[in-house]
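All remarks here apply to the structure that follows.
The values are calculated or read from the model by the stated rules, or taken from the named source; none is laboratory data. Predicted, not measured: the structure shown is a model, and the values here were computed from it. Methodologically, a virtual Cβ is constructed for each residue, glycine included, from the backbone with ideal geometry; neighbour enumeration extends over all protein chains shown. These accessible areas exclude ligands, DNA and RNA; they are computed on the full protein's heavy atoms, side chains included. Shrake-Rupley method; radii C 1.70, N 1.55, O 1.52, S 1.80 Å.
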Amino acid sequence: MVDEALLRSLTPTVIAVLVRRGADFAAAEDAVQDALIEAVRTWPRDRPHDPQGWLITVAWRKFLDAARAEASRRRREESAHAETVPGPAVAVDDTLQLYFLCAHPSLSPASAVALTLRAVGGLTTRQIAQAYLVPEATMAQRISRAKRTVAGVRLNRPGDLATVLRVLYLVFNEGYSGEVDLAAEAIRLARQVAALSRHEEAAGLLALMLLHHARRPARTRPDGSLVPLAEQDRGRWDTRLIAEGVDVLQAALARDRLGEFQAQAAVAALHADARTAAETDWVQIVEWYDELLRLTGSPVARLNRAVAVGEADGPRAGLAALAALDPALPRYAAAEAYLHERDGDPVTAARRYADAARAASNLAERDHLTRQAARLNAQLRD
Amino acid sequence: MAKYLLLKHYRGAPAAVNDVPMDRWTPQELSAHLRYMSDFAARLEATGEFVDSQALSPEGTFVRSDSAGGPPVTDGPFAETKDLIAGWMVIDVDSHERAVELAGELSAAPGAGGQPIHEWLELRPFLTELPTITE
């Protein structure tokens, strides 16, 4: 058996070594992918004592082979122009720089996600394609275009950590499809970025992921249907992940440089802290949403805040807070339905749940919201 | 093997026999329906006849190009009278008879009162690639 997690964790380091030796990023990345494939093939028979050293040696050889083949192909073509000189060597001097490159602001979010998963995550193009439900050829094109886009980037100044964190957030939120658990992969990468950058928002994102991942076993029933937070069996939450998430968050908050991920993680920590839904400290949650709004002004945070107000100060207060928002916001109808039911108006609630189901952007939520409407309508018939 | 598209409509198909909107079913009836649908897909995967299945949001717009250089024109949300696709399943089967048989089974998914919906599904054969031997 090849320890795939170990193999993948070595990927960014090996790419960085090749780049330091003078390979350009795109060629280094290709060479390391080839070396990974060879490792998967040969390690089960013949596992090296020094996996990282082996990968560096094999990847470097693959790079030289490719460079020689490329050089002789170019000679054969007798190109009149000398424009195919390899691009400037990227001054990547550590793993973190690779993250910055893969999440470079010149890339679209989808491209940055794909490149990050391949170059620092060590996933194959096939695995990434499968996870995002696109043909492998499409994903291969997306990755090679992304590599061309960042080919000329010189990393001579610090990259933008915020874009790296946003990319990891996107990967985490994609959840699970195919053979790769993207949420677990995002946590692995966030752990590395938090350790390398020592930035409090990287820690905030890691804490946010850990705290949400902890709830995953309780979040769906065996048939795949959604269980709302208030109805989840909290005994099935992963206490080890919660403890780690809370520790990471507290250390970040202690540095007194609040950011959006820390504020979101604080909300998740307050949920994790409540032994039952009824014990939830909604007053504090509203305060954290106020902080989040101050930091981001995000309409989604405003909507979540309205629901939290409904829990802290009663459904009427929640509906009043909601009334100030744009009804076109995602999940607006669902929030309104929920608050109307709590306010003792099942007729309006059932109607708004049905509206919310029509507006849902994913199947699990649509089925859940239809079920809520069906439940209320059945009660009204009795 | 031949590929067929099974189209399900929100609107535009003749009315189903058991025509009750989903939010008027009981939660148990809803669960039974969803289980039937996922069992159906799983069974076709097991027989090697499943290709793809997707659901669509009812929200959408018509779009067409305007005069050169201008932004595209949109028309929507869809008017109440317009045909509206809810989703599809693609199957790869040995015969047209088999495709009809499977569409019939899918149409019999349980709905209100636990009774089959008997909804109309549209069955459309895919146009194939040009065969190598044509004479």
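For the protein assembly as shown, report the accessible area per residue in Å² (1.4 Å probe, heavy atoms, rounded to an integer).
Ligands and nucleic acids excluded, the result is 53 Å² per residue.
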Checklist outcome for this item: Given Cβ charges of +1 for Lys and Arg and -1 for Asp and Glu, the option among B:PRO72, B:GLY114, B:SER57 whose Cα lies farthest towards the positive end of the dipole of region B:57-130 is B:PRO72
Checklist outcome for this item: Computed over chain A: longest principal axis from alpha-carbon atoms vs helix A:182-197 long axis, angle to nearest 10 degrees, is 70
Checklist outcome for this item: Counting only residues 5 or more apart in sequence or on a different chain, those whose built amide H sits under 5 Å from that of B:ILE85 are B:TYR10
Next on the checklist: Checking the cross-link filter: which aspartates and glutamates have an alpha carbon closer than 15 Å to that of A:LYS62, excluding same-chain neighbours under 8 positions apart?
Outcome noted: A:ASP24, A:GLU29, A:ASP30, A:ASP34, A:GLU38, A:GLU70
Checklist entry - Which shape class applies to the protein assembly as shown: rounded if a/c is under 1.5, otherwise prolate when a/b exceeds b/c and oblate if not, where a ≥ b ≥ c are the square roots of the Cα gyration tensor eigenvalues? => result oblate
Checklist entry - For region A:145-270, what are the per-bin percents of Cα-Cα distances with bins 10 Å wide, up to the bin holding the maximum? => result 12, 38, 31, 14, 4, 0
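For peptide B:48-56, how many partner chain Cβ atoms fall within 10 Å of a residue's Cβ, on average?
On the way: counts 0, 0, 0, 0, 1, 0, 2, 4, 0.
Mean shielding by partner chains, rounded to a whole number: 1.
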Next on the checklist: Could you tell me which residue out of A:ALA184, B:THR26, A:ALA146 lies farthest along the dipole of the protein assembly as shown toward its positive end? Charges go on the beta carbon: Lys and Arg +1, Asp and Glu -1, centred on the Cα centre.
Outcome noted: A:ALA146
Checklist outcome for this item: Expected output for region B:4-36, residues with a loss of 40 Å² or more in accessible area relative to the chain alone at probe 1.4 Å, reads B:ASP23, B:ARG24, B:PRO27, B:LEU30, B:LEU34
Checklist entry - Rounded to the nearest 20 Debye, what is the dipole magnitude of the protein assembly as shown about its Cα centre when Lys and Arg each give +1 and Asp and Glu each give -1 at the C-beta? => result 1260
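Suppose every K and R has +1 on its Cβ and every D and E has -1 on its Cβ; what is the size of the dipole of region A:287-382 about the Cα centre, in Debye to the nearest 20? Spell out each step's value before the answer.
Values: 13 positive and 14 negative charges, 67 e Å.
Roughly 320 debye, rounded to the nearest 20.
Say R0 is 51 Å: what FRET efficiency, to the nearest 0.05, do A:ASP343 and A:ILE37 get from their beta-carbon distance? Each step should come with its number before you reach the end.
On the way: r = 59 Å, r/R0 = 1.16.
About 0.30, to the nearest 0.05.
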Next on the checklist: For a test of the definition: using alpha carbon positions, the gyration tensor, and the 1.5 limit on a/c, classify region B:2-125 as rounded, prolate or oblate.
Outcome noted: oblate
Checklist entry - Of the heavy-atom accessible surface of region A:199-280 (probe 1.4 angstrom), what whole percent is carbon and sulfur? => result 49
Checklist outcome for this item: Candidates A:GLU201, A:GLU279, A:GLU174; GNM for chain A (alpha-carbon contacts under 10 Å) flags as most fluctuating A:GLU279
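Rounded to the nearest 100 Å², what is the sum over both chains of accessible area buried where B meets A, with a probe of 1.4 Å?
Numbers: alone 9160 and 19480 Å², together 27500 Å².
Chains B and A together bury roughly 1100 Å² of accessible area.
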